[in-house]
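Here's the structure we're looking at; comments come further down.
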Amino acid sequence: MKKFVIIDLFCGAGGTSFGFTSATLNGEQIADVIACVNHDPVAIKSHLANFPGCVHFTEDVRTLDVSKLPRKEPGDDSIWILWASLECTHFSNAK
């Protein structure tokens, strides 16, 4: 089974990241979240506590320098996903 590699945009404290890393097939974990982005430093601090092995970016996705994101290497047969959840400033009561 190929492993999924996730970059989580609008990551918040890590609910979606937790869902991905909890995914299993035949008892084997099948996804890793390797990087995340959120504009809120409190959210990033929480995500860091939950996912210390992940690369964290505290910034707006509209101004993110994507060249700093991890990149898939040649020969890597994993499946990479750029995940973008709904952002809270417009789509939740949290703002």
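The values are calculated or read from the model by the stated rules, or taken from the named source; none is laboratory data. For clarity, every value in this text was computed on a predicted model and none was experimentally measured. Quick reminder, even Gly has a Cβ in these numbers, built from the backbone with ideal geometry, and neighbours come from all protein chains shown. For accessibility, only protein heavy atoms count, side chains too; no ligands or nucleic acids. Shrake-Rupley method; radii C 1.70, N 1.55, O 1.52, S 1.80 Å.
Of Thr58, Thr21, the residue with the largest accessible area leads and the full order is Thr58, Thr21 (1.4 Å probe). What is the sum of charges around Phe51, taking Lys and Arg as +1, Asp and Glu as -1, for the other residues whose C-beta is under 13 Å from the C-beta of Phe51? My count for the surroundings of Phe51 gives -1. Coupling constants for segment 67-81 follow from the phi torsions by the Karplus curve (6.51 cos²θ - 1.76 cosθ + 1.60, θ = phi - 60°), and in residue order they are 5, 8, 6, x, 10, 6, 8, x, x, 6, 9, 6, 9, 8, 10 Hz; glycine and proline get x.
Shown for segment 1-50: the carbon plus sulfur share of the solvent-accessible area, taken with all protein chains present and a 1.4 angstrom probe, equals 59%.
Helix 41-50 and the longest principal axis of the C-alpha atoms of the chain enclose an angle of approximately 30°. Its Cα centre serving as origin, the chain has a Cβ charge dipole (Lys and Arg +1, Asp and Glu -1) of approximately 80 debye.
Each peptide among 28-38, 44-54, 3-13, 69-79 gets the average number of other Cβ atoms lying within 10 Å of its residues, and from highest to lowest they stand as 3-13, 28-38, 44-54, 69-79.
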